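Undergrad: Below you will find the structure I want to go over with you.
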Amino acid sequence: MKKTTLTFFLFCVFCLPLLVFSQEKASTVVEKCATDKFNAQQLAQFPNMMGSPAFEAMVQERINNTDFSKTSMAVVTIPLVVHVLHNGEAEGVGANISDAQVLSQITVMNQDFRRMAGTPGYNTNAVGADVEVEFELAKQTEDGCPTDGINRVNICQDGVSSFAEMDSYKTQTIWDSSRYMNMWSSKYVGALGGILGFAQFPGGNPTTDGVSANYTTFGSSDYDTNNDFALNAPYDKGRTMTHEVGHYLGLYHTFQGGCNGVGDEVSDTPPVAAPNYGCPTGIDSCNNGTLDMVENYMDYTDDLCMNIYTIDQKARVTAVITGPRSGLVAGTNNALTVPSPVTNDASATIENLNVNSCGADFTPEVRVYNYGTTTMTSATLTYDVDVAGTQVYNWTGSLAEGQSEVVTLPTVTSTGGEHTFNTVISNPNGATDARACNDVSEACLTLTSIVDAITVELTIVPDNYGSETTWSLTDGSNNVVYSGGPYADNDSTPIVETFNVNNECYTFVIYDQYNDGICCNYGNGSYELKTDAASGGAIIFTGGSFASSETTKFSVNSLSTDDFAKSNTISLYPNPTQNVLNIKVANTNALPDGFKIYNMLGQLVKEATINSINDLKVNTASYSNGMYFIKINKDNNSVTLPFIKK
């Protein structure tokens, strides 16, 4: 592809692709890759990273000084760790993709980078290359513990609205990027404008370095033997990650800069005017008599159509692997070495929290591993919520080396809101654990606030851009029962809404169209949910500082009509009575409508409406001694109870 001077390089690499992305070549255009956008933000902080003249000069020098006349170079194996970011789903559900789906992705990458015969990664193109790079899941963690290379992390967040938020998740989970290629599968990538994936170019921030993809484009349906992979066609063959790893190893898009820009700095890929989509044929987008290489992994075509890295692309990858990414293959890198055996080594990871969707309790499941050479028959699990109220579970069983089992701990009850559940394993076989680096596991969770209420009140103070604010309240069946907004701009007058609630779970979500919440960049907006005054006006949640949305769940204890019909929810005291008969209901926040009192002859003695708690006290001082019946009603239901006046 055509090359131009490096002085024009920065603008073309990071600005022109953004213009290209807006051009539609098909009825539905997907911005598959956000690598250019992501790295444009990093370049200011790391001016010598890929995308700079200094980096390109280094790559070209390494290419010029390397003998590529040989048909084969030494095959390089890159250790990798896959971080599966999820939101508390069970393994194999939603974003918490299965091991099989992860492994299918590694298989595809090896086929594609090795141009493996008999696989979709093979091609017969004259410039097609075996890149001679392979990928293998790590066998050892950063601190020397055994691993299968799959790191599952409950991030406990619904979504992101910026690369900065995504970076925070990456920095929380990343392994040493000089020794491991970090891969992230998550639903958060898709939240960044619906993209499929993105990568960090060589030379950028080491705390965010790696490749990321939406979990629905991570893996290949070709290996979905149980038909349970969470993948979406036509990006379901694993080529999103093949594409992003190409960026990670030094490759640009084939359409970089269009027909007259700097290009991808690769001579044997024809110039391309803009990304190609679908599986087109006979495309000469630059009208220069050369067909677009639509099958190249660095274009935007469908997964089924991709099958080639070229000889010159391989040269760039080799220059990067032997240069800025040499730590991945250095002899001192022990990431693919199984740790030395030890006698006693217990490990515990949180498998599932089984959070009650409508309550403040959960039942944690912890997977106990034996990485020691001696069969493990006992161990101690200690666990807590927010480092408080530590409890102990003494596990017994029989696990040979390499075996594991899931242990269900007793149900834990806490309070509504966000929490962290911690567990620590110790004393395998009553001995000291030889490796402490795999003893601790933690996971975040959100429990439902439980409130007593007849109504719930919402107060919103908009920021300067109330037109961006909307909200909804859904019930346990996901029906929207209340909603509101948008509001006027530059009007901070509080908006008050009252919700009638029943005995069930509710989800309140507030949205901001501009993804900057309602506080505090453009006004000190806020919102508050609280119970009605009769219920004490208890605060359920207050907030205002969020990104695109914020979610609050709460469960209401309210005497429903059905519950009212159960006599055990209502009682009378004292019974027998002299002067005052009290009507006791299970929940004073849902008062009966009224009552009628009858004597033994069936004559109506008293009838009253119940408007407040005070109306639950009945003055019986003037009644004659004997038995009476009180019929208490609510809506179309009633309960009749006897009492004695003496």
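Undergrad: Would you check if there is a residue in segment 225-241 being of a type in the set (Gly, Ala, Ser) and either over 30 Å from residue 99 (Cβ atoms) or not in a loop (DSSP other than H, G, I, E, B) (or both)? Spell out how you get there, then give the answer.
TA: From segment 225-241, those of a type in the set (Gly, Ala, Ser) are 230, 233, 238; that's our starting set.
Adding the requirement that they be either over 30 Å from residue 99 (Cβ atoms) or not in a loop (DSSP other than H, G, I, E, B) (or both) leaves none.
Checked segment 225-241: no residue is of a type in the set (Gly, Ala, Ser) and either over 30 Å from residue 99 (Cβ atoms) or not in a loop (DSSP other than H, G, I, E, B) (or both).
Yes/no matrix, rows are residues, columns are (1) over 27 Å from residue 210 (Cβ atoms); (2) among the aromatic types (Phe, Trp, Tyr); (3) at pLDDT below 80:
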residue: 5; (1), (2), (3): yes, no, yes
residue: 17; (1), (2), (3): no, no, yes
residue: 21; (1), (2), (3): no, yes, yes
residue: 47; (1), (2), (3): no, no, no
residue: 51; (1), (2), (3): no, no, no
residue: 58; (1), (2), (3): no, no, no
residue: 62; (1), (2), (3): no, no, no
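Undergrad: Sticking with this one: Looking at this structure, is residue 630 in contact with a strand residue (DSSP E or B) (Cβ under 6 Å, 6 or more places away or on another chain) and either within 16 Å of residue 591 (Cβ to Cβ) or in contact (Cβ under 8 Å) with a residue 40 or more places away in the chain (or both)? Please lay out each step first, then the result.
TA: Numbers: in contact with a strand residue (DSSP E or B) (Cβ under 6 Å, 6 or more places away or on another chain): yes; either within 16 Å of residue 591 (Cβ to Cβ) or in contact (Cβ under 8 Å) with a residue 40 or more places away in the chain (or both): yes.
Judged against the criteria, residue 630 is a match.
Undergrad: Another question about this same structure. Enumerate the strands (runs of 3 or more DSSP E) found wholly within segment 364-420, keeping only those where 3 or more residues are more than 23 Å from residue 339 (Cβ to Cβ) and among the small types (Gly, Ala, Ser).
TA: Result: 388-399.
Undergrad: How many residues does segment 479-508 hold that are β-branched (Val, Ile, Thr), part of a strand (DSSP E or B) and closer than 18 Å to residue 552 by Cα?
TA: So the answer is 5.
Undergrad: For the condition more than 30 Å from residue 341 (Cβ to Cβ), among the charged types (D, E, K, R) and either outside any strand (DSSP E or B) or modelled with pLDDT of 95 or more (or both), what is the one hit in 148, 176, 167, 143?
TA: The unique qualifying residue is 167.
Undergrad: Whether any residue in segment 406-422 is within 30 Å of residue 541 (Cβ to Cβ), β-branched (Val, Ile, Thr) and more than 26 Å from the chain's Cα centre (by Cα) is what I want to check.
TA: no
Undergrad: Next up: From (1) over 16 Å from residue 471 (Cα atoms); (2) buried (at least 16 other Cβ atoms within 10 Å of the Cβ), pick out the condition that doesn't hold for residue 518.
TA: (1)
Undergrad: Tell me whether segment 242-258 contains one or more residues that are outside any loop (DSSP other than H, G, I, E, B), out of contact with any Leu (no Cβ under 9 Å at 6 or more places or on another chain), touching a residue at least 12 places away in the same chain (Cβ under 8 Å) and of a type in the set (S, T, N, Q).
TA: The answer is yes; a qualifying residue exists.
Undergrad: Which condition breaks for residue 331 when tested against (1) without any contact (Cβ under 8 Å) to a residue 12 or more places away in the chain; (2) surrounded by 14 or more Cβ atoms within 10 Å (Cβ to Cβ)?
TA: Unmet condition: (2).
Undergrad: Out of (1) more than 18 Å from residue 121 (Cα to Cα); (2) surrounded by fewer than 23 Cβ atoms within 10 Å (Cβ to Cβ); (3) out of contact with any Pro (no Cβ under 6 Å at 6 or more places or on another chain), the odd one out for residue 290 is which?
TA: All conditions pass for residue 290, except number (3).
Undergrad: Please tell me if residue 343 is loosely packed, with under 14 Cβ neighbours inside 10 Å, touching an Asp or Glu at 6+ places or on another chain (Cβ under 7 Å), over 25 Å from residue 206 (Cα atoms) and of a type in the set (S, T, N, Q).
TA: So residue 343 fails the test.
Undergrad: So if I check each of 348, 360, which one is surrounded by fewer than 19 Cβ atoms within 10 Å (Cβ to Cβ), touching a residue at least 60 places away in the same chain (Cβ under 8 Å), within 20 Å of residue 422 (Cα to Cα) and of a type outside the set (S, T, N, Q)?
TA: Just a single option satisfies the conditions, and that option is 360.
Undergrad: Check off (1) touching a helix residue (DSSP H, G or I) at 6+ places or on another chain (Cβ under 6 Å); (2) modelled with pLDDT under 95; (3) closer than 25 Å to residue 444 by Cα for residue 211 and give me the number that stays unchecked.
TA: Among (1) touching a helix residue (DSSP H, G or I) at 6+ places or on another chain (Cβ under 6 Å); (2) modelled with pLDDT under 95; (3) closer than 25 Å to residue 444 by Cα, residue 211 violates only (2).
Undergrad: Another one. Could you tell me whether residue 229 is closer than 30 Å to residue 341 by Cβ, of a type in the set (Phe, Trp, Tyr) and at pLDDT 95 or above?
TA: no
Undergrad: Being within 22 Å of residue 404 (Cα to Cα) and surrounded by 19 or more Cβ atoms within 10 Å (Cβ to Cβ) narrows it down to one residue among 140, 111; which is it?
TA: So the residue among 140, 111 that is within 22 Å of residue 404 (Cα to Cα) and surrounded by 19 or more Cβ atoms within 10 Å (Cβ to Cβ) is 140.
Undergrad: Within segment 245-259, is even one residue surrounded by 21 or more Cβ atoms within 10 Å (Cβ to Cβ) and at pLDDT below 90?
TA: There is at least one residue in segment 245-259 that is surrounded by 21 or more Cβ atoms within 10 Å (Cβ to Cβ) and at pLDDT below 90.
Undergrad: Take the conditions farther than 20 Å from residue 90 by Cβ, over 24 Å from the mean Cα position of the chain (by Cα), in a strand (DSSP E or B) and among the hydroxyl-bearing types (Ser, Thr, Tyr) and apply them to residue 340. Does it pass?
TA: Working: farther than 20 Å from residue 90 by Cβ: yes; over 24 Å from the mean Cα position of the chain (by Cα): yes; in a strand (DSSP E or B): no; among the hydroxyl-bearing types (Ser, Thr, Tyr): yes.
Spelling it out, it is not the case that residue 340 is farther than 20 Å from residue 90 by Cβ, over 24 Å from the mean Cα position of the chain (by Cα), in a strand (DSSP E or B) and among the hydroxyl-bearing types (Ser, Thr, Tyr).
The values are calculated or read from the model by the stated rules, or taken from the named source; none is laboratory data. Bear in mind the structure is a predicted one, so any value in this text is a computation, not a measurement. Please note: Cβ atoms are built from the backbone with ideal geometry, for glycine as well, and neighbour counts cover all protein chains shown.
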